[in-house]
Every structure is written in structure tokens, then in C-alpha cells.
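Quick notes on the structure that follows.
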Amino acid sequence: MGESTGGEPYERVLAEAYERFEEADDFTVSVEEEFALLDPETLDLVNRFEDVQEAVRGTELEPNLAGELIASEAEVKTGKQASFVDVPSTLAERRAQLAALVEPLGLTLGATGTHPWASWRDQRIIDTPHYRRNDEILRYVVWRNNTFGIHTHVAIRGADRAVRVVSALRNWLPELLAVSASSPFHEGVDTGLHSARTQVFTRFFPRCGVPDAFDSWNAYADYVRFLYRTGSIDRPTQIWWSVRPHLSFPTVELRFCDAQPDLGEAQSLTALMVSLTARCARALDEGEPLPEHPHRLIEENTWRAIRNGLSGELIDLERGDVLPARARVERLVEWVLPVAEEIGAAPWLRLPERNAAERQIARRAEGADFAEIYAEQVRATVPATG
């Protein structure tokens, strides 16, 4: 294994994480969706997570509900799924369960990457040890992070292999972001961006955004040791990269994408993220060359995705030319398709005619105000029944 279990607590963390990766079952999946808790009349954010937490006790949703930083937010998890096949239906079930839970509390749900007008000053950090610690170490940085995302965890067998999959996934983070962009409006401002969430989160938090590439578990573990020894972190989840090996689970976690108002688009985005992760693992297994672009070049594409999403252009970093973002994503879908078919994700690999950011921007150009546009996103998140 090559990992010491010496006296430092982080050595045990690393050793146990290594063992979990070595024993992992390939391509099990878990997905996390973050939702805004809203007043159904005004659509303002409301600090009611503790009420939701109390209401969930004893229900089927309880083990899959979590707080996520602010009291006006709730996260639901699919839980570990043996394969992708069950993920789309479980995403739908969890949304329905959460919507049914909050409706009697006089709440509804939103799922864009940012709330269009809410102020960070009005949001309260939830009172848990984890988030109290984040508040202590980050202060203004964490106060400003009123954002909502969708994360995938894909189990990868082998610690070296998992680290190399993370390094490969760096290259396509901008394509994933372009597909997912859903946050053009923030704090009462038409930002001119397609993903204001990404600009807020990745530019505020330390150890965030596009990571460096690592070629082995030992190289990554040495970096984690450095952070612990220098007092930069006191737990591994304080590495907030947009893609990371999760040391508490034997998974590669993709955490770059905006939340999705539309369930179908959440399902298709998840299919793309999981298929891409599995495709990178298969490429490593088969000796297929994978790109390792410098951080500075991936960041160029990241800015393009933040600014213009699917409506803009992305650089082909292999050839140095520029293509429409949609064309870049279509090429990516073609590349992952064989593995998507293998894991049961292929039927869900669909690109929307316009993503959530494009739809909102178009409505703004037609003269709709923030309240009208956000109401449309909320109706997409929690469709009327009956």
C-alpha cells in the first residue's frame, strides 16, 4: 500500500481511504441535489431547514436528507445505487418525497444555481459542528456561498486509478458546466453570466475549482499531508475542488454543476457525469491516452462556460481551435457512449434544446422580471399534481 498508519491522525484517514478504494465496487453511484427552501407566495428564501429536519423524522426520506450550509437549503441524496440504472427513478422519487414533505410546512422548492434576488445577509448558517467549523475558518467566504448544485459520486476501484480518473475529469469540467448552467441572476442582478454560482463558489473558496493533476495515490496523499501538517485543513472535505477523490467514500465526486430545475435535465446531466467518469476509468484500463491539459488552459474554458454556457464557444485544447460549446459537448457524448451503454445510462444522454440559463436569459430579453422567471423555474422543479 505504501501508506503509513503512524501517529498523525491524518495518516489513519489516508490509510483507511486507501483501503476503501482498493476494495470498492466499480461504478456504484450516489447523487446529491441541493434545493432552495422557499415561501410559496413570495418565492423568497426562508430559514426553515430545522423544521424540515423535524418533519422528516421517521419517514423514508430521513436517511437521505441533509442540511447544506444555510438554513434556507436542503439536500437530498439518492443513496448508494448498485448501478446507474436505478439512478433516474431514484432522483425522481427523492424530489417527490422532499416536495411532499415541505408542502404541509408551507414551503416549496427551487433548484437554480443561485436565487435571483435573495441577499446572503438574510441567510443563517445551520447549527451543526461541521458548518460551525466552516464558519469559523472561512467567515465572509462561507457567508456569501448561497448557491445550489448537483453532485455525483461514482465508486472507482483502486486508489491510484481513482486519482488518475480525477486528473482526467479535470479536462472536461467546462463542458459539464456549460450543460448545467442555470444561474444567470444573483442578488437582484442580471449578471451577464450563465453560471453566477460557479463564479461565486469557486472564486471565493480556497482549494476550489479546477485541481492540479496527480499521477498516483501517493502524490495526492503527499498533498493532503502537506495541508494537514501546515494547518491549512483539519479534515479532508476542506478540499473543495470541483472534482475530487472523496476520502470518506471510495468515490470520485463531481461537484462543479449548477442545480437543475427540470428533473429530466437533472437525469440527463447525471447520466453524462457518471458516463464520463466510467469512460475515463475504462480508458485507463485499456491504455487509451487521456489528455492532461495545464490548469491555465482548462481555466480558459471554465471562464467561457461561466460566461456563456452552452450558448458560447469552448476551445479544443488538443488542436487549439474554437468550437461552439454545444458541438464540444456532442463530441463528448459520442466519446462516452460505449460505456454509457454498458452501465445503462445511454437512454438518458440527451442535450436540452436550451438549458436552464438560456431559457431564463431568453425570458429576460422578452421583458419578464426576475419574479416571473423564477416562478417558472419553481414550477419546473415542483410540477403541479392532480
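Read the figures in this text as sums done on the coordinates, not as results from a lab. Everything quoted here is computed from the prediction, not taken from an experiment. FYI the Cβ positions are ideal-geometry reconstructions off the backbone, even for glycines, and counts take in every protein chain you see.
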| How many angstrom lie between the C-alpha centres of the stretch 251-278 and the stretch 136-213? | 12
| request: Return an integer: the convex hull volume of the alpha-carbon atoms of the stretch 296-386, in Å³ per residue. | output: 148
| Expressed in nm to one decimal, what extension gain is obtained for the pair Ala82 and Asp212 from 0.36 nm per residue of sequence separation less their Cα-Cα distance? | 43.8 nm
| message | With every atom except the alpha carbons ignored, what do you get for Rg and Dmax of the chain, in angstroms? | response | 20.0, 63
| request: Give, in nm to one decimal, the length gained when the segment between Glu342 and Glu103 is fully stretched (0.36 nm per residue of separation minus the Cα-Cα distance). | output: 82.2 nm
| Gain in span if fully extended, Leu317 to Asp127, counting 0.36 nm per residue against the direct Cα distance | 64.0 nm
| By its C-alpha gyration tensor, with a ≥ b ≥ c as the square roots of the eigenvalues, how is the stretch 38-165 shaped: rounded for a/c under 1.5, else prolate for a/b larger than b/c, else oblate? | oblate
| said: Which order do the peptides 313-322, 145-154, 247-256 come out in when sorted by mean C-beta neighbours inside 10 angstrom, highest first? | reply: 145-154, 247-256, 313-322
| message | Can you show me the helix-derived [θ] at 222 nm for the chain, built from DSSP H runs with n ≥ 4 at -39,500 (n - 2.57) apiece and divided by the number of residues, rounded to the nearest 500. | response | -14000 deg cm²/dmol
| Listed peptides 227-234, 263-270 by packing density, highest first (mean Cβ within 10 Å) | 263-270, 227-234
| message | What distance in nm lies between label points placed 7 Å from Cα along the C-beta direction at Ser119 and Ala96? | response | 4.0
| request: Determine the sum of side-chain charges near Leu284: Lys and Arg each +1, Asp and Glu each -1, restricted to other residues whose C-beta is under 15 angstrom from that of Leu284. | output: -1
| request: Return the FRET efficiency for the residue pair Arg235, Ala365: r is the Cβ-Cβ distance, R0 is 51 Å, and the value is rounded to the nearest 0.05. | output: 0.70
| note | Mean separation of Cα contacts under 8 Å (at least 6 apart) over the residue count of the chain, i.e. the relative contact order in percent, is 21
| field | Placed amide H near Ala24: partners under 5 Å, 5+ positions off or other chain | value | Gly158
| query | Which residues' amide hydrogens lie under 5 Å from the amide hydrogen of Gln81, considering only partners 5 or more residues apart or on another chain, with H built in the peptide plane? | reply | Val29, Ser30
| field | Environment charge of Asn47, counting only residues whose C-beta is closer than 9 Å and scoring Lys/Arg +1, Asp/Glu -1 | value | 0
| field | Sites Asp190 and Trp303, calculated FRET efficiency, Cβ-Cβ separation with R0 25 Å, nearest 0.05 | value | 0.85
| request: Give the peptides 19-26, 375-382, 276-283 in descending order of average Cβ contacts within 10 Å, highest first. | output: 276-283, 375-382, 19-26
